[in-house]
1. Select from the stretch 204-239 the residues that are β-branched (Val, Ile, Thr) and crowded, with 18+ Cβ neighbours inside 10 Å and list them in ascending order.
2. If we keep just the residues of the stretch 70-88 that are out of contact with any strand residue (DSSP E or B) (no Cβ under 8 Å at 6 or more places or on another chain) and surrounded by 15 or more Cβ atoms within 10 Å (Cβ to Cβ), which is modelled with the lowest pLDDT?
3. Would the stretch 166-178 turn up any residue that is closer than 19 Å to Asp225 by Cβ, at pLDDT 95 or above and part of a strand (DSSP E or B)?
4. Only one of Ala181, Ala158 is in the same structural domain as Asn50 (by TED's automatic domain parsing), within 30 Å of Ala256 (Cβ to Cβ), surrounded by 13 or more Cβ atoms within 10 Å (Cβ to Cβ) and more than 21 Å from the chain's Cα centre (by Cα); which?
5. Is it true that Leu345 is surrounded by 11 or more Cβ atoms within 10 Å (Cβ to Cβ), at pLDDT 95 or above and either within 15 Å of Leu394 (Cα to Cα) or not assigned by TED's automatic domain parsing to the domain that holds Asp379 (or both)?
6. So which residues in the stretch 58-79 are over 24 Å from Ala371 (Cα atoms) and in a helix (DSSP H, G or I), if there are any at all?
7. Just wondering, is there one or more residues in the stretch 29-36 that are in contact with a Pro (Cβ under 8 Å, 6 or more places away or on another chain), of a type outside the set (Gly, Ala, Ser), in the same structural domain as Gly99 (by TED's automatic domain parsing) and surrounded by 13 or more Cβ atoms within 10 Å (Cβ to Cβ)?
8. Which members of the stretch 255-279 meet the condition of being more than 26 Å from Ile358 (Cβ to Cβ) and free of Cβ contacts under 8 Å to residues at least 40 places away in the same chain?
Amino acid sequence: MVKGYGPFGIAFSRFTPDQNDQSNWSKMHLPVKGIPKNWTNVEKAMARLNTWQLIYQNVIKGTVPRSWYVGYQQSSQLSLDDAQFSSQPIKCYVYLLRGFDQNKGRWLVMVDTNNNLDFSDETPFEAKVMKPGVMPDDISDARLITYQSYQKGKIVTARIPLVVKRMGNDLFFNFPQYARASFRQADEPMDLVITNGFNGLNYVGSTGIAQQPRWFWQKKIDNNDLTETSDVITLGGRKYKNKGVNTYTNTLQLEALSSDYTDYSLRTGRPFRPFTAHEFTTGHPISLSSFKGKYVFVDFWETGCVPCVSALPTLKKLYQGLDKSRFEFLGIVGNDTAERLQVFLKKYDVKWPQVLSIDKNGLIGQYHITAYPTSVLLDPSGQVVAVDLSMEKLDAKLKELNR
């Protein structure tokens, strides 16, 4: 593990105050003490260092039901081994406080750096300001947090840096730490750098890897050059699938692939994985080859996704103006029922083909979709030419291709 942001783009998490809404998440929150008496409008927030460890230890404790834990894994397309988690509660989180100091007339922040759930031994501070669109790489204000992890059957105590910044009235934080890993292939050293978006120890399903930049001018790695979990990276002429970081063994896991392996991916320049399914409205067979020779906008969405629904009027307008001999849209719908989707498509008068993916082994799972909306634009050969275009950029791109 290496302190700092290294060659990666910087990301922050928003300070979200604990809510007493009787949800399973709120049941896992813990009481704290030592809040300054001269503070008003106090908010506390748990920053999760290892989300799955936190859930598991609360299952063992009986705070949340195992059925929810299992269901959450399935919805995240994961199958975790309980043996990699400690059944004894460990400090896989840290608490932050925000409040208005009446004596100083300022909003201040406190961090439970020693993780004892007591803020009486902590020092308040004013979070440094960051400007919109500017991700500061200064970590001189980082605070070292004591936490615990479970490695190879033992509880390990360590420290990790935490940075808190302010933008307007909102607080943001991250853990400026990334990882390095090395191995040898045919006597050639392979040095890799690893990030999870500076999200503590939350590597499950969120592990981006790249080769360590070799030259002094290669200071940053573009996000598009990161190999995410389940994607393929080529090292020394050999292909490997990124299987993510195992925090129990403290290892990066790579799966060696055969030389003839086709690297299907949702990344720009990669071939889109072929599929066969049934179009929802007609029941007719549909496949990627059905669109051969056309540009295809593939939209992974669900009816309960607010941004997905908000984009529909624009998508309908764009679809109406397309030359259908050269362009097509395809919706792949997850986390829905046939009844709900049928009513929705009729209500919004959606005309382009749709596929309902309700099986965990269906298209949503095959393409490793974890967030909605997710979209790709394919060229006539089935290769990805753009990913997650905004409606404005999609409009511009379609007009460019339609000339």
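1. Val204, Thr207, Ile209, Ile221, Thr227, Thr229, Val232, Ile233
2. Top of the filtered list is Gln77.
3. Checked against the condition, which is being closer than 19 Å to Asp225 by Cβ, at pLDDT 95 or above and part of a strand (DSSP E or B), the stretch 166-178 yields at least one hit.
4. On inspection, the qualifying residue turns out to be Ala181.
5. No.
6. The answer is Asn58, Val59, Ile60, Lys61.
7. Within the stretch 29-36, one or more residues are in contact with a Pro (Cβ under 8 Å, 6 or more places away or on another chain), of a type outside the set (Gly, Ala, Ser), in the same structural domain as Gly99 (by TED's automatic domain parsing) and surrounded by 13 or more Cβ atoms within 10 Å (Cβ to Cβ).
8. Matches in the stretch 255-279: Glu255, Ala256, Leu257, Ser258, Ser259, Asp260, Tyr261, Thr262, Asp263.
The values are calculated or read from the model by the stated rules, or taken from the named source; none is laboratory data. Note that this is a predicted model, so its numbers are computed, not measured. Neighbour counts run over all protein chains shown; Cβ positions are idealised from the backbone, glycine included.
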